[in-house]
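The values are calculated or read from the model by the stated rules, or taken from the named source; none is laboratory data. Because the structure is a prediction, the values reported are computed rather than measured. No Cβ is skipped: glycine too gets one built from the backbone with ideal geometry, and neighbour counts run over all protein chains shown. Ligands, DNA and RNA are stripped out before the accessible areas are found, and what is left, the full protein with its side chains, is counted by its heavy atoms. Shrake-Rupley method; radii C 1.70, N 1.55, O 1.52, S 1.80 Å.
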Amino acid sequence: ESARDDCWYDFSACVSVKAGAICEVRCKEPYVAEPETALCPADNYDPSRPPDWTPPACTLPPGSQCPLPAKIPEGYKFSGGQFKCSGNYRGQVVVRCIPNEDCSPTVALDGCLPLVAC
């Protein structure tokens, strides 16, 4: 479980799952996706072991806008309704909508790298 899992996923149905039992992991609002099944192995002997699970593919609902970050990171610009690499940065911009420090959705940017000498 990562630091942001508590923002994305609702594990409430998976508290104290009995050995051999399953539960559902859902997305927390405002994110949506089909729930995924988590399983406590039938031979589990470790009370601190979390169930085995696959994260749901949580995203914002269709038509929702992910808020822009308060500050556009160095190496990026927002132009014509899309992000691009700026200045001495090159690459393919990857835009994701992820939870920020207070779990609110925000745009996260990746892919632009500074030009460097060979």
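For the range 1-36, residues that are part of a helix (DSSP H, G or I) and not aromatic (Phe, Trp, Tyr) total 6.
Residue check: is Leu109 over 30 Å from Lys18 (Cβ atoms), hydrophobic (A, V, I, L, M, F, W, C) and open to solvent by 70 Å² or more (accessible area, probe 1.4 Å)?
Details: over 30 Å from Lys18 (Cβ atoms): yes; hydrophobic (A, V, I, L, M, F, W, C): yes; open to solvent by 70 Å² or more (accessible area, probe 1.4 Å): no.
The answer is no for Leu109.
When residues of the range 87-114 are filtered for being outside any strand (DSSP E or B), touching a strand residue (DSSP E or B) at 6+ places or on another chain (Cβ under 7 Å) and at pLDDT below 90, how many remain?
Here is the first cut: in the range 87-114, the ones outside any strand (DSSP E or B) are 87-88, 100-104.
Checking which are touching a strand residue (DSSP E or B) at 6+ places or on another chain (Cβ under 7 Å) leaves us with 88, 100.
Remaining after also requiring at pLDDT below 90: 100.
Summing the residues that are outside any strand (DSSP E or B), touching a strand residue (DSSP E or B) at 6+ places or on another chain (Cβ under 7 Å) and at pLDDT below 90 in the range 87-114 gives 1.
Residues in the range 2-32 that are of a type outside the set (S, T, N, Q) and over 20 Å from Ala108 (Cα atoms): 15 in all. Restricting to the range 85-102, give me the number of residues that are open to solvent by less than 80 Å² (accessible area, probe 1.4 Å) and over 30 Å from Asp10 (Cβ atoms). Going through the range 85-102 one residue at a time, the tally reaches 6. The set of residues in the range 21-65 that are under 16 Å from Pro99 (Cβ atoms), open to solvent by 80 Å² or more (accessible area, probe 1.4 Å) and over 14 Å from the mean Cα position of the chain (by Cα) contains only Gln65.
Inspection of the range 72-83 finds no residue satisfying the criterion of being closer than 26 Å to Asp5 by Cα, modelled with pLDDT of 90 or more, in contact with an Asp or Glu (Cβ under 7 Å, 6 or more places away or on another chain) and open to solvent by 50 Å² or more (accessible area, probe 1.4 Å).
Residue by residue, here is whether (1) in a loop (DSSP other than H, G, I, E, B); (2) of a type in the set (A, V, I, L, M, F, W, C) holds:
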{"position": "Ala38", "(1), (2)": "no, yes"}
{"position": "Pro56", "(1), (2)": "yes, no"}
{"position": "Cys66", "(1), (2)": "yes, yes"}
{"position": "Pro73", "(1), (2)": "yes, no"}
{"position": "Phe83", "(1), (2)": "no, yes"}
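Residues being β-branched (Val, Ile, Thr) and without any contact (Cβ under 8 Å) to a residue 40 or more places away in the chain are represented in the range 56-73 by at least one member.
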